[in-house]
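To start, the structure under review is shown below, and the notes come after it.
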Amino acid sequence: MPGTEALTQETPEIQPPAKTVENWQGIVGILAQPCQTPAALVMRVTGPDIGAFVASRSEGDSCLAGSKGRLESSGLYCETVIRSRERLPVPDALADPAWEDNPDVALNMVSYLGFPVLLPEGSPFGAICVLDNKRNAYAKVFEELMLKFKALIESDLELIYMNQALGDRNRKLSDYLMELQALRASFPSARTARPSETPKANGTRSNTTSSGIPKRSSRMGCARSA
């Protein structure tokens, strides 16, 4: 089955800040309005599981908000989106033998439109999707709106990813500098006083020339000439 590696590879641990989650909550709220769909969600893959990270606040999605389950071989619409990393439209699962028995039909979610949401390095974060309890072919303009929101969410993830990577590097650099300072402190200072090789005579004149020959006394010379 294509895209199987997307479900088994390890993905970086990213925690969107509260403000970002609030913005995504607004996105799914907007998506649920144009087509009056009961549920619009941002799904997130966490290890082997997938769950609703944010969900529109409407009566029809109460069974999906906060839901979580195994992704591998689940038969969920989103599993196919994440495997293929492509758009998946299902206008009417009840009329489609490939989807009539999927788990979301048991929740009366018979139509679906979803797109993969990817992290900067290409691994799956999850999916952005809408579900309806009736047949829904989803207009082209609605698909374009979903693609805009998909791009916005992936842009948020890229910024979070880069900030997290920068923070990790700064922490590693800080740890390295602390280890270096500790290493330096464990050695004595290399700057030690060196003893003077030739003591300086204070206020006295040398009795020898630069070649080491004793200087003649001027007094001796005067005595001999006398």
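Sort out which residues of segment 14-23 are part of a helix (DSSP H, G or I) and surrounded by 13 or more Cβ atoms within 10 Å (Cβ to Cβ), and write them in order of number. Walk me through how you get there before you give the answer.
Applying the first criterion (part of a helix (DSSP H, G or I)) to segment 14-23 yields 18-23.
Thr20, Val21, Asn23 - these are the residues of segment 14-23 that are part of a helix (DSSP H, G or I) and surrounded by 13 or more Cβ atoms within 10 Å (Cβ to Cβ).
With the structure loaded, tell me whether Val117 is surrounded by 18 or more Cβ atoms within 10 Å (Cβ to Cβ) and within 15 Å of Ile50 (Cβ to Cβ) or whether it fails that test. Don't jump to the end; show me each part of the working.
Details: surrounded by 18 or more Cβ atoms within 10 Å (Cβ to Cβ): yes; within 15 Å of Ile50 (Cβ to Cβ): yes.
Yes; evaluated as a whole, the condition is true for this residue.
Could you check how many residues of segment 121-141 are surrounded by 17 or more Cβ atoms within 10 Å (Cβ to Cβ) and either out of contact with any Lys or Arg (no Cβ under 9 Å at 6 or more places or on another chain) or among the small types (Gly, Ala, Ser) (or both)? Outline the logic, then answer.
Here is the first cut: in segment 121-141, the ones surrounded by 17 or more Cβ atoms within 10 Å (Cβ to Cβ) are 124-132, 136, 138.
Add one more test, that the residue is either out of contact with any Lys or Arg (no Cβ under 9 Å at 6 or more places or on another chain) or among the small types (Gly, Ala, Ser) (or both), and what stays is 126-127, 129-132, 136, 138.
Number of matching residues: 8.
Restricting the search to segment 82-93, which residues are in contact with a helix residue (DSSP H, G or I) (Cβ under 7 Å, 6 or more places away or on another chain) and part of a helix (DSSP H, G or I)? Walk me through how you get there before you give the answer.
Narrowing segment 82-93 to residues in contact with a helix residue (DSSP H, G or I) (Cβ under 7 Å, 6 or more places away or on another chain): 82-83, 85, 88, 90, 93.
Passing the criteria: Ile82, Arg83, Ala93.
Taking the conditions exactly as written (without any contact (Cβ under 8 Å) to a residue 12 or more places away in the chain and either touching a helix residue (DSSP H, G or I) at 6+ places or on another chain (Cβ under 7 Å) or in a loop (DSSP other than H, G, I, E, B) (or both)), does Pro97 satisfy them or not? Before the answer, list the steps.
Working: without any contact (Cβ under 8 Å) to a residue 12 or more places away in the chain: yes; either touching a helix residue (DSSP H, G or I) at 6+ places or on another chain (Cβ under 7 Å) or in a loop (DSSP other than H, G, I, E, B) (or both): yes.
Judged against the criteria, Pro97 is a match.
(1) out of contact with any Phe, Trp or Tyr (no Cβ under 6 Å at 6 or more places or on another chain); (2) assigned to a strand (DSSP E or B): which one isn't true of Ile128, the others all being true?
(1)
Name, by its number, the condition in (1) surrounded by fewer than 23 Cβ atoms within 10 Å (Cβ to Cβ); (2) in contact with a helix residue (DSSP H, G or I) (Cβ under 8 Å, 6 or more places away or on another chain) that does not hold for Arg44.
Just one mismatch for Arg44, condition (2).
Which pairs turn up if I take residues in segment 120-136 that are over 15 Å from Gln33 (Cα atoms) and look for partners that are of a type in the set (Ser, Thr, Tyr) and in a strand (DSSP E or B) with beta carbon separation below 6 Å, at least 6 apart in sequence or on another chain?
Cβ pairs passing all conditions: Arg135/Ser111.
Conditions tested, residue by residue: (1) hydrophobic (A, V, I, L, M, F, W, C); (2) modelled with pLDDT under 95; (3) within 23 Å of Asn163 (Cα to Cα); (4) in a loop (DSSP other than H, G, I, E, B).
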{"site": "Pro12", "(1), (2), (3), (4)": "no, yes, yes, yes"}
{"site": "Gln25", "(1), (2), (3), (4)": "no, yes, yes, no"}
{"site": "Gln36", "(1), (2), (3), (4)": "no, yes, no, yes"}
{"site": "Ala52", "(1), (2), (3), (4)": "yes, yes, no, no"}
{"site": "Gly60", "(1), (2), (3), (4)": "no, yes, no, no"}
{"site": "Cys78", "(1), (2), (3), (4)": "yes, yes, no, no"}
{"site": "Asp104", "(1), (2), (3), (4)": "no, yes, no, no"}
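Mind checking whether some residue in segment 146-161 is over 23 Å from the mean Cα position of the chain (by Cα) and either part of a helix (DSSP H, G or I) or among the small types (Gly, Ala, Ser) (or both)? Spell out the reasoning first.
Our first condition is that a residue be over 23 Å from the mean Cα position of the chain (by Cα); within segment 146-161, this holds for 146.
Those still in the list that are either part of a helix (DSSP H, G or I) or among the small types (Gly, Ala, Ser) (or both) too: 146.
The answer is yes, given that some residue of segment 146-161 is over 23 Å from the mean Cα position of the chain (by Cα) and either part of a helix (DSSP H, G or I) or among the small types (Gly, Ala, Ser) (or both).
Would you say Ala6 is under 23 Å from Asp156 (Cβ atoms), under 25 Å from the mean Cα position of the chain (by Cα) and modelled with pLDDT under 75? I'd like the intermediate steps shown before the answer.
On the way: under 23 Å from Asp156 (Cβ atoms): yes; under 25 Å from the mean Cα position of the chain (by Cα): yes; modelled with pLDDT under 75: yes.
Yes.
The values are calculated or read from the model by the stated rules, or taken from the named source; none is laboratory data. Everything numeric here is computed off the predicted structure, so don't read it as measured data. Every residue, glycine as well, gets a Cβ built from its backbone with ideal geometry; the counts of neighbours run over all protein chains shown.
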